[in-house]
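Single-structure report; data block below.
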Amino acid sequence: MSRDATLELLKAVRTALIGDATVAGHVGNRVATDWGSKLADPFIRLSVPNVRQFEDDLGDGSDYTFRVHVFVKETGPVITAELAARAREVLQDAELAVTGADLWWLTYDQTVNQQDPDDPTLRMAVVTFKAVTTS
């Protein structure tokens, strides 16, 4: 049976992002997994839309696709692009401490830039990553 370490992975990702001086300089600690909370911009939300079973001779675990959503009120894409690029730099191949699991890899997949469909005054960058953990 595979172990789903989603919560621990999100905690490790959040810690890495707010530990980066550039990201923290813009968003402080406004990096959340709670999509119902109101945050002042700029801010980042994290989501794990897909978790699949991962099996290997060395253990069972989970294969994740997770996203870092950057939200900024700005007329141009400057800060949004900077924060999306920093998220990629901070997380690509990072060796994060995921409590109770071994992180095998964390890789960048893609970035999509768009206006936030729920609030057209916000510019949004969605940075997608893939990760695997085993127990």
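The values are calculated or read from the model by the stated rules, or taken from the named source; none is laboratory data. All values reported here derive from a predicted model rather than from experimental measurement. Note that each Cβ is placed from the backbone with ideal geometry, even for glycine, and that neighbours are counted across all protein chains shown.
Of everything in region 1-58 that's touching a residue at least 40 places away in the same chain (Cβ under 8 Å) and assigned to a strand (DSSP E or B), which residue is farthest from Met124 (Cα to Cα)?
Only one residue fits best here, namely Asp56.
Over 17 Å from the mean Cα position of the chain (by Cα), among the hydroxyl-bearing types (Ser, Thr, Tyr) and within 25 Å of Asp4 (Cα to Cα): which single residue out of Thr33, Thr134 fits that description?
It is Thr134.
What about Val126, is it in contact (Cβ under 8 Å) with a residue 40 or more places away in the chain, in a helix (DSSP H, G or I) and more than 14 Å from Leu10 (Cβ to Cβ)?
Considered against the rule, which asks whether it is in contact (Cβ under 8 Å) with a residue 40 or more places away in the chain, in a helix (DSSP H, G or I) and more than 14 Å from Leu10 (Cβ to Cβ), Val126 comes out as no.
Mind listing just one residue for me: the one in region 35-66 that is basic (Lys, Arg) and under 21 Å from Leu91 (Cα atoms) and, of those, surrounded by the fewest Cβ atoms within 10 Å (Cβ to Cβ)?
Arg52
Restricting the first residue to region 83-102 and requiring it to be in contact (Cβ under 8 Å) with a residue 60 or more places away in the chain, which pairs with a second residue that is part of a loop (DSSP other than H, G, I, E, B) and among the small types (Gly, Ala, Ser) meet a Cβ separation below 6 Å and a spacing of at least six or different chains?
Val98/Ala5; Ala101/Ala5; Ala101/Ser135
With Val98, Val68, Val90 as the choices, which residue is assigned to a strand (DSSP E or B), of a type in the set (Val, Ile, Thr) and on the phi < 0 side of the Ramachandran plot?
The conditions single out Val68.
Yes or no, residue by residue, for (1) modelled with pLDDT of 95 or more; (2) within 22 Å of Gly19 (Cβ to Cβ):
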site	(1), (2)
Gln92	yes, yes
Leu96	yes, yes
Ala101	no, yes
Thr107	yes, yes
Gln110	yes, no
Gln114	no, no
Pro117	no, no
Pro120	no, no
Val126	yes, yes
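Looking only at residues that are part of a helix (DSSP H, G or I) and of a type outside the set (A, V, I, L, M, F, W, C) in region 71-87, which one is surrounded by the fewest Cβ atoms within 10 Å (Cβ to Cβ)?
Applying the filter and picking the extreme gives Glu82.
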